[in-house]
Amino acid sequence: MNTKHIQRLLISIALCFISVSAFAQTKIAILDFELKDMTLKPRIPAEIKRTASIKPLLEAELKKADYTIINIDLESQKFADSGVGYLFDHHDVAANLGKEFGADYVLVGRLHKPSFLFSYLMGHLVRVSDGQLIGNYISEAKGPNIKLTIKTVESLAVKIDKTLDNKYSPPAPKIKN
């Protein structure tokens, strides 16, 4: 083989690696959100239901931006968790859990409710490869209305995507006639 053939071969190999990495999707595991309800009437059924709705809503939004969602079952999450807030505060443990399931990133979330009037959707985005916290997000929700929860989840998805691949666009607001 002459030099030109070798150069072409090397260029072809390099282009294959570039195209494979360009189409590789970011894999993110989203753990079930925990409820930290500090109101005088904590953990009412409606708040438990709202908290349970956050993970599937967020997964759906990130799927729209072509993220691969890695499922970590609740039993595995509970096994890694040593109590309320543990995974939220121990990024290395969350990263190990994500690594076990083949994720690139793990989002550990919390619905923090200090008042009946508002709550905060909080998320810690942890890079699995080194256990580092790369995103600390807070989105405010005023009231328990499902439409407001959806908008707050969209806001969280925008923040996560901005840290990662920057390809998510939330749905446009609906115009009332």
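Here's the yes/no breakdown for (1) farther than 17 Å from Ile28 by Cβ; (2) in contact (Cβ under 8 Å) with a residue 60 or more places away in the chain:
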site: Val108; (1), (2): no, yes
site: Pro114; (1), (2): yes, yes
site: Leu117; (1), (2): yes, no
site: Gly123; (1), (2): no, no
site: Gln132; (1), (2): no, no
site: Leu148; (1), (2): yes, no
site: Lys151; (1), (2): yes, no
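Here Leu87, Leu62, Leu40 are screened, and the one residue that is under 19 Å from Ile134 (Cβ atoms) and either touching a Leu at 6+ places or on another chain (Cβ under 7 Å) or without any contact (Cβ under 8 Å) to a residue 12 or more places away in the chain (or both) is Leu87.
Looking only at residues in segment 123-133 that are part of a strand (DSSP E or B) and not charged (D, E, K, R), which one is farthest from Ile44 (Cα to Cα)? First the steps, then the outcome.
Quick first cut of segment 123-133, residues part of a strand (DSSP E or B) only: 123-127, 132-133.
Right, trim to not charged (D, E, K, R) and you get 123-126, 132-133.
Working: Gly123: 22, His124: 25, Leu125: 28, Val126: 30, Gln132: 34, Leu133: 31 Å.
The extreme case among them is Gln132.
The number of residues in segment 155-174 being at pLDDT 90 or above and in contact with a helix residue (DSSP H, G or I) (Cβ under 6 Å, 6 or more places away or on another chain) comes to 1.
Matching residues to (1) surrounded by fewer than 17 Cβ atoms within 10 Å (Cβ to Cβ); (2) at pLDDT below 95; (3) among the aromatic types (Phe, Trp, Tyr):
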{"position": "Gly109", "(1), (2), (3)": "no, no, no"}
{"position": "Ser119", "(1), (2), (3)": "no, yes, no"}
{"position": "Arg127", "(1), (2), (3)": "no, no, no"}
{"position": "Gln132", "(1), (2), (3)": "yes, no, no"}
{"position": "Glu140", "(1), (2), (3)": "yes, yes, no"}
{"position": "Pro144", "(1), (2), (3)": "no, yes, no"}
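With respect to the stated conditions, Ala103 fails to be at negative phi and surrounded by fewer than 21 Cβ atoms within 10 Å (Cβ to Cβ).
Where strands (runs of 3 or more DSSP E) fall wholly inside segment 31-122, the ranges with 1 or more residues that are farther than 19 Å from Leu148 by Cα are 68-70, 105-113.
The values are calculated or read from the model by the stated rules, or taken from the named source; none is laboratory data. All figures in this text were calculated on a predicted structure; none of them were measured in a lab. Note: ideal-geometry Cβ built from the backbone for every residue, glycine included; neighbour counts use all protein chains shown.
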